[in-house]
Amino acid sequence: MIDEKGRLFKRVSVVDLLIVLAFVAVLAGFVYRQMAPSIGVIIRADERFYVTVQGAGIRHFIVDAVEVGDVMYRRHSRQPIGRVVDIRVETAYDVMLRTDGTAVLAPMEGRYDIFITMESAGSIRDERFLVGGNDHIARGSEIELVSNRVFLPTGEVYFVGERP
């Protein structure tokens, strides 16, 4: 079958055959990956719930840029979290040390705490909330949000549930 020159049936080099087979395998993997449904398609995202994200110590121009109706996304994955349905703004406070060594809670000038509540579409499975069907979101987790107009650099999931 293989002669002394390494050819199969005296026509095809074994090395050439291995190269062609590797190319076909890579091509088949690429085609499969493009044609296979993503997990977002497999898991249905047909349930509604609410996510509230708290941004602490945010400057006024970021607070002013968020509006009801905006769609907010995770910064890196661009996974949509939801549509803003409510915005609550409070004065931000921080612990300040006095000259006598005591600590007091004092308002931060020009800084605000913003609570952004979004209506999200996803799945609720065993007390877990999956945004878009496959992106787990949990109370207390850190999140960076963006919209078409604003970037919220530091946020924490304050609430996740079926009612705001």
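The values are calculated or read from the model by the stated rules, or taken from the named source; none is laboratory data. Since the structure is predicted, the reported quantities are computational estimates derived from the model, not experimental observations. Glycine gets a Cβ as well: all are built from the backbone with ideal geometry, and neighbour counts include every protein chain shown. Please note that ligands, DNA and RNA were not included when accessible areas were found on the heavy atoms of the full protein model with its side chains. Shrake-Rupley method; radii C 1.70, N 1.55, O 1.52, S 1.80 Å.
Quick notes on this one:
- Each residue in region 86-131 was checked for being more than 19 Å from TYR158 (Cα to Cα) and in contact (Cβ under 8 Å) with a residue 40 or more places away in the chain, and 2 pass.
- Filter result for ASP94 (farther than 25 Å from PHE49 by Cβ and at pLDDT 90 or above): yes
- Test: residue in region 54-77 that is open to solvent by 80 Å² or more (accessible area, probe 1.4 Å), in a strand (DSSP E or B), modelled with pLDDT of 90 or more and not aliphatic (A, V, I, L, M): yes
- Which listed residue is open to solvent by 70 Å² or more (accessible area, probe 1.4 Å) and either in a strand (DSSP E or B) or farther than 20 Å from PHE49 by Cα (or both), from ASP86, ASP113: ASP86
- Just one of the listed residues (GLY101, GLY155, GLY122, GLY140) is over 24 Å from PHE61 (Cβ atoms) and in a strand (DSSP E or B), namely GLY122.
- Pair list, Cβ under 8 Å, 6 or more apart: region 52-64 residue aromatic (Phe, Trp, Tyr), other residue open to solvent by less than 20 Å² (accessible area, probe 1.4 Å): none
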